[in-house]
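Notes follow the structure.
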Amino acid sequence: MTKERKEAAKRLYEVAEGQQGFFTTKQAKAAGFAENTHPYHVQVGNWIREHRGIYRLASFPRGERPDLMLWSLWSRNREEIAQGVYSHQTALSLHDLSDAMPAKLHMTVPKGFRRNSEIPRVLVLHLADLPQGDIGAANGVRVTKPMRTILDLLEGGEVPPATLRQALRKGLRRGLIRRSEIAEARRHLAGSKDLRTFFQKVAA
């Protein structure tokens, strides 16, 4: 291996290391791998093609939830910045606030999010411009914070209120949710009798 190829491999590894072994076509090119060489690296087993424009280093240890990083990278914009934030049922599971394992991955993307290709069937996309204060991290990817997650699910109505009350109490016990967050949510939801009742039952 030439010095240039070694340096390119090192640069690519440094990028992939922060992404659980995954990288994009643009990132490989930026590291020094010409695009016409990508099929060769897949053929000889150096890289694994996970999705259109997304690869994984075959030598990198496989993480517990590689699917989360894969679809996070899928949501990237032209500047290679991931736009998606795992939310709703998926976020509830990632925060370990529910035993339910949703069959699909729920992800919130900006209202202006656009994709030329078909949305993968494994994803359920929700459109919202999330404030940075509502975004946390889990399993190396962005995820809505517990309070925002519960509010989204309350609004959507797909999860029984009893399940969400249990999740809220669990979040309080573990310090993932503060009572000040509940108080703020109750103020914002003052016009909804059902939601006020939900929080009153939790606070009781």
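Only a single item in (1) surrounded by 14 or more Cβ atoms within 10 Å (Cβ to Cβ); (2) not assigned by TED's automatic domain parsing to the domain that holds ALA138 is not met by SER75, and it is number (2). Can you tell me which residue is farthest from GLU184 (Cα to Cα) among those in the range 144-163 that are charged (D, E, K, R) and surrounded by fewer than 19 Cβ atoms within 10 Å (Cβ to Cβ)? Ranking the candidates gives GLU158 first.
Inside the range 94-123, can you point out the residues that are under 17 Å from LEU153 (Cβ atoms) and assigned to a loop (DSSP other than H, G, I, E, B)? Hits for the range 94-123 are HIS95, ASP96, LEU97, SER98, ASP99, ALA100, MET101, PRO102, ALA103, LYS104. A count restricted to the range 139-174 and to residues that are basic (Lys, Arg), touching a helix residue (DSSP H, G or I) at 6+ places or on another chain (Cβ under 6 Å) and closer than 18 Å to MET101 by Cβ stands at 0.
Among the residues of the range 16-45, those identified as out of contact with any His (no Cβ under 8 Å at 6 or more places or on another chain) and buried (at least 17 other Cβ atoms within 10 Å of the Cβ) are ALA16, GLN19, GLN20, GLY21, PHE22, PHE23, THR24, GLN27, ALA31, HIS38, HIS41. The listed residues are ILE177, ILE135, and the only one of them that is at pLDDT 90 or above, among the β-branched types (Val, Ile, Thr) and over 30 Å from VAL15 (Cα atoms) turns out to be ILE177.
Please go through the range 128-156 and give me each residue that is in a helix (DSSP H, G or I) and in contact (Cβ under 8 Å) with a residue 24 or more places away in the chain, ordered by number. PRO146, MET147, ARG148, THR149, ILE150, LEU151, ASP152, LEU153, LEU154, GLY156, listed by residue number. In the set (1) within 19 Å of MET101 (Cα to Cα); (2) surrounded by 13 or more Cβ atoms within 10 Å (Cβ to Cβ), GLY136 fails one condition alone, (1). Considering the range 92-127, and only residues there that are touching a residue at least 24 places away in the same chain (Cβ under 8 Å) and in contact with an Asp or Glu (Cβ under 8 Å, 6 or more places away or on another chain), the residue that is surrounded by the fewest Cβ atoms within 10 Å (Cβ to Cβ) turns out to be VAL122. Applying a threshold of 6 Å to beta carbon distances and a minimum spacing of six or more residues, or different chains, the list of pairs starting in the range 10-26 at a residue that is in contact (Cβ under 8 Å) with a residue 12 or more places away in the chain and ending at one that is in a loop (DSSP other than H, G, I, E, B) and among the aromatic types (Phe, Trp, Tyr) reads GLY21/PHE60.
The values are calculated or read from the model by the stated rules, or taken from the named source; none is laboratory data. All values reported here derive from a predicted model rather than from experimental measurement. Neighbour counts are summed over all protein chains in view; Cβ atoms, including those assigned to glycine, are modelled from backbone coordinates with ideal geometry.
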